[in-house]
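The values are calculated or read from the model by the stated rules, or taken from the named source; none is laboratory data. Everything quoted here is computed from the prediction, not taken from an experiment. Here the Cβ is made from the backbone with ideal geometry for all residues, glycine too, and neighbour counts use every protein chain on show.
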Amino acid sequence: MVFSRFFKFMSHDMAIDLGTANTVVYLRGRGVVLNEPSVVAVETLQGVRKVKAVGDDAKLMMGKTPGTIEAIRPLRDGVIADIDVAEQMIKHFITKVNGGKHPMPWRHPQIVICVPSGSTSVERRAIRDAASNAGASQVWLIEEPMAAAIGADMPVTEPIGSMVVDIGGGTTEVAVLSLRGLAYSTSVRVGGDKMDEAIVSYVRRNHNLLIGEGTAERIKQEVGTAKPPSDGIGQTIHIKGRDLVNGVPKEIQINQGQIAEALSEPVGTIVEGVRIALENTAPELAADIVDQGIVLTGGGALLAGIDEILRDETGLPVTVAEEPLTCVALGTGRALEDPVFRGVLLAV
Ligand SMILES: Nc1ncnc2c1ncn2[C@@H]1O[C@H](COP(=O)(O)OP(=O)(O)OP(=O)(O)O)[C@@H](O)[C@H]1O
Ligand SMILES: [Mg+2]
């Protein structure tokens, strides 16, 4: 018993949430051990592409690279935009959590990967191959809403309907789950990235100021809100960028009311996705959702007021999962560890 546990611990089995914005790795027996942006900086010298940095280091370079270096997000908009770079990134993270070495094949490590819902079967096979090349003996996939629901402790194995809304970087997935399966699911191409873009274009339109996506993301995380403040203004912050009229760097002030206005379109699309899912839910499952409520996961669930807006619009109880940013990885890890969830893993 002790030995088998020891070997399981040593097996380097892992679960990976391969997200559009962040990749999170869970190690069997250890929990979440890595959480880094899904960004790779690639240098091209004399036509040869070489990985320069991955994760945190690469994200720092975004929007600031010289001509020869490009900071790439291989999984944009919930789909795999650059499969070669995605493969390199997966290998890098697997090796990193393994102390810089490939997992030992004789330990037969199993890897469960949560892939973007929009990925094609060709891309899923490529991801499987990347994990196999990095030392996995067996690769399983899991659908993101299922992993999110398991991570949020929802009763997915029981005949009880649960609704999960995962607001990620690229997509928002809305799903109703029951008995280890997705009774209904829909995905809208709106998530944190679209919110950042909405802030960029709002500031450009209303203040003639060009700001980068990184600045927009910071504003969203610090003072962003889905619901306008009660006085219509709320907190005020300073933001810097380039003046579009005379081309020089400039600083302006913006308040939370304006940010809520900027975010109203992407937030509206998310609300609409939830409404459509509710309309398409079978009555018995809908009855369960009235009792159980809706659970929000993904980094977008941290946007202030998003739960309130959904509560107002649906009249249902809405809660935010405990650790929205690592919830999917946690659920993927539990699916790997606990035999009760085995049925939710997909072979590629
Ligand atoms: N406090 C916050 N307020 C608003 N948004 C936030 C906050 N913290 C993180 N985010 C946003 O959450 C997003 C990342 O969430 P997450 O890591 O769940 O996405 P992902 O799993 O990589 O993407 P996907 O599931 O679409 O593939 C980013 O857009 C980030 O800006
Ligand atoms: Mg995600």
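Details
- Breaking point among (1) outside the structural domain of residue 341 (by TED's automatic domain parsing); (2) at pLDDT 90 or above; (3) not in a strand (DSSP E or B), for residue 64: (2)
- Residue among 167, 142 that alone is under 20 Å from residue 322 (Cβ atoms) and outside the structural domain of residue 298 (by TED's automatic domain parsing): 142
A quick yes/no check of all residues on (1) aliphatic (A, V, I, L, M); (2) within 13 Å of ligand 1 (Cβ to nearest atom); (3) in contact with an Asp or Glu (Cβ under 7 Å, 6 or more places away or on another chain):
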{"residue": "212", "(1), (2), (3)": "no, no, no"}
{"residue": "219", "(1), (2), (3)": "yes, yes, no"}
{"residue": "233", "(1), (2), (3)": "yes, no, no"}
{"residue": "256", "(1), (2), (3)": "no, yes, no"}
{"residue": "287", "(1), (2), (3)": "yes, no, no"}
{"residue": "305", "(1), (2), (3)": "no, yes, no"}
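- Residue tally, condition touching a residue at least 24 places away in the same chain (Cβ under 8 Å) and more than 16 Å from ligand 2 (Cβ to nearest atom), over the stretch 300-311: 5
- Any chance residue 326 is within 24 Å of residue 24 (Cα to Cα) and of a type outside the set (Gly, Ala, Ser): yes
- In this structure, residue 150 does not qualify as under 30 Å from residue 124 (Cα atoms), in contact (Cβ under 8 Å) with a residue 12 or more places away in the chain and touching a strand residue (DSSP E or B) at 6+ places or on another chain (Cβ under 8 Å).
- Any pair with Cβ under 8 angstrom, 6 or more apart, that starts in the stretch 13-32 at a residue that is under 12 Å from residue 94 (Cα atoms) and among the hydroxyl-bearing types (Ser, Thr, Tyr) and ends at one that is away from ligand 1 (no atom under 14 Å from the Cβ) and part of a strand (DSSP E or B): 26/14; 26/33
- Considering 297, 236, the condition of being free of Cβ contacts under 8 Å to residues at least 24 places away in the same chain and not charged (D, E, K, R) is satisfied by 236 alone.
- When the residues of the stretch 13-37 are filtered to those that are assigned to a loop (DSSP other than H, G, I, E, B) and more than 11 Å from ligand 1 (Cβ to nearest atom), the one that is surrounded by the most Cβ atoms within 10 Å (Cβ to Cβ) is 13.
- Test: residue in the stretch 261-271 that is of a type outside the set (A, V, I, L, M), buried (at least 21 other Cβ atoms within 10 Å of the Cβ), at pLDDT 95 or above and assigned to a helix (DSSP H, G or I): yes
- Qualifying position, being among the charged types (D, E, K, R), over 20 Å from the mean Cα position of the chain (by Cα) and loosely packed, with under 14 Cβ neighbours inside 10 Å, among 205, 180, 242: 205
- Per the listing 156, 190, 203, the residue uniquely of a type in the set (Val, Ile, Thr) and closer than 16 Å to residue 75 by Cα is 190.
- Where helices (runs of 4 or more DSSP H) sit wholly within the stretch 110-219, those with at least 1 residues that are at pLDDT 95 or above occupy 144-151, 192-207.
- Checked against the criterion of being within 16 Å of ligand 2 (Cβ to nearest atom), under 26 Å from residue 335 (Cα atoms) and among the small types (Gly, Ala, Ser), the stretch 76-86 has at least one qualifying residue.
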